[in-house]
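The structure is given below, and queries will be raised subsequently.
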Amino acid sequence: MNTLPIIDISPLYQRDEAAWSQVSQAIDAACRTWGFFYIKGHPIAQSQIDAVLDAGRRFFALPIEEKRKIDITQSAHHRGYGALQAEQLDPTQSADFKEAFDMGFHMPADHPDVLAGKPLRGPNRHPDLPGWRELLEGHYQDMHQLSLTLLRAIAQALGAEREFFAQRFHEPISAMRLLHYPPRPDADDAPKGAGEHTDYGCITLLYQDPVGGLQVRNLEGQWLDAPFIEGTFVVNIGDMMARWSNDRYKSTPHRVISPRDRERYSMPFFAEPHPDTLIDCLPGCHGPDRPRRYPDVICSDYMLSRFADTYAYRKKPPAAAGAIAG
């Protein structure tokens, strides 16, 4: 219980059904035991990952007035730049000591969902940096395809039809973030990198640089380091998958304690389905001896409620009523 498993997923891209099933079973065991695991053998080139990380470093090094040109607080659909300490993942602690760039599934302004004002639907808001838009949009699509590959293995492990999740990820609200953690202040009460939390969506795929700082809480309540491992992504279960699986797969608390003497960069991809998707308990995950633990919920409703708890700019005034704007 002190080492996260590392799973080679290359058989998921081959035609050997026996090997494919072995990977699915290994993911199932990791999800039941940890809710966290590493994957290797994925098809995304390291050169592409390095290019995206370098683009993130260039963006976060811009003057604040340049980054503010795509300020997320001015976005109707949660896209753009999030300033330092704009998030508070752990409500019992100070705000997170990081800044962010957020993007999602790009929809042009004339898309029916955008014209209808549906939440979390709209165009991405990119900085004016050479090559940025093409690089980031292409990487988003590659991460989306990688997430679908993992979701097919998870669906089979949960006793569902292999395409169950993939069919619900048409025009998803999956989010990709670039995160920058500046060196933490020296004071003992200074804000940490990212407070203890569980992720909102189905699964998260994280690429982190070698600086470290990610910690996972195991079943005994101990905080364990999840260090950088070359050529891997860290994968974890989110709250939507916990609901779909009726806690057969639990979303595991984690946090980031960023260093005091170095900058840290990471790139999480949060796989989340089409916003109209009903998140309800899978048939094989409940029964007389395992009653349903969660009420059914629509994906977008759930996500907006969680955003309201995390982002200061989305918190409703005490007297406000009605749904949160998308």
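Read-outs: derived from the displayed coordinates by stated rules, not from any lab. Values in this document were obtained by computation on a predicted structure and should not be read as measured data. All Cβ positions, even for glycine, are placed from backbone atoms using ideal geometry, and neighbour counts span all protein chains on display.
Taking other Cβ within 10 Å of each residue's Cβ, how do Val297, Val216 sort, fewest first?
Val297, Val216
Within the set Lys98/Lys250; Lys40/Lys67; Lys67/Lys250; Lys69/Lys250, which residue pairs have Cα atoms separated by over 28 Å? Show your work: numbers first, answer last.
Numbers: Lys98/Lys250 26 Å; Lys40/Lys67 34 Å; Lys67/Lys250 36 Å; Lys69/Lys250 38 Å.
Over 28 Å apart, Cα to Cα: Lys40/Lys67; Lys67/Lys250; Lys69/Lys250.
Tell me, Glu66, Glu17 in order of fewest to most beta-carbon neighbours within 10 Å?
Glu17, Glu66
Give the aspartates and glutamates reachable from Lys192 as a straight Cα distance under 18 Å; neighbours fewer than 8 places away on the same chain don't count.
Qualifying aspartates and glutamates at Cα under 18 Å: Glu87, Asp90, Asp96, Glu99, Asp209, Asp225, Asp261, Glu263.
Another question about this same structure. How would Phe37, Phe101 line up from fewest to most surrounding beta-carbon atoms within 10 angstrom? Before the final figure, lay out each step's value.
Working: Phe37 22, Phe101 27.
Final ranking by Cβ density, sparse to dense: Phe37, Phe101.
How much length is gained if the chain between Arg133 and Leu219 is pulled fully straight, taking 0.36 nm per residue apart and subtracting their Cα-Cα distance, in nm to one decimal?
26.9 nm
What percent do you get for the relative contact order of region 6-314 when only Cα pairs under 8 Å and 6+ apart count?
Across region 6-314, relative contact order equals 21 percent.
Which label marks the calculated value of Rg and Dmax of the Cα atoms in Å, given the options [x] 17.7, 56; [y] 19.2, 59; [z] 20.1, 68?
Label [y] holds the value from this structure.
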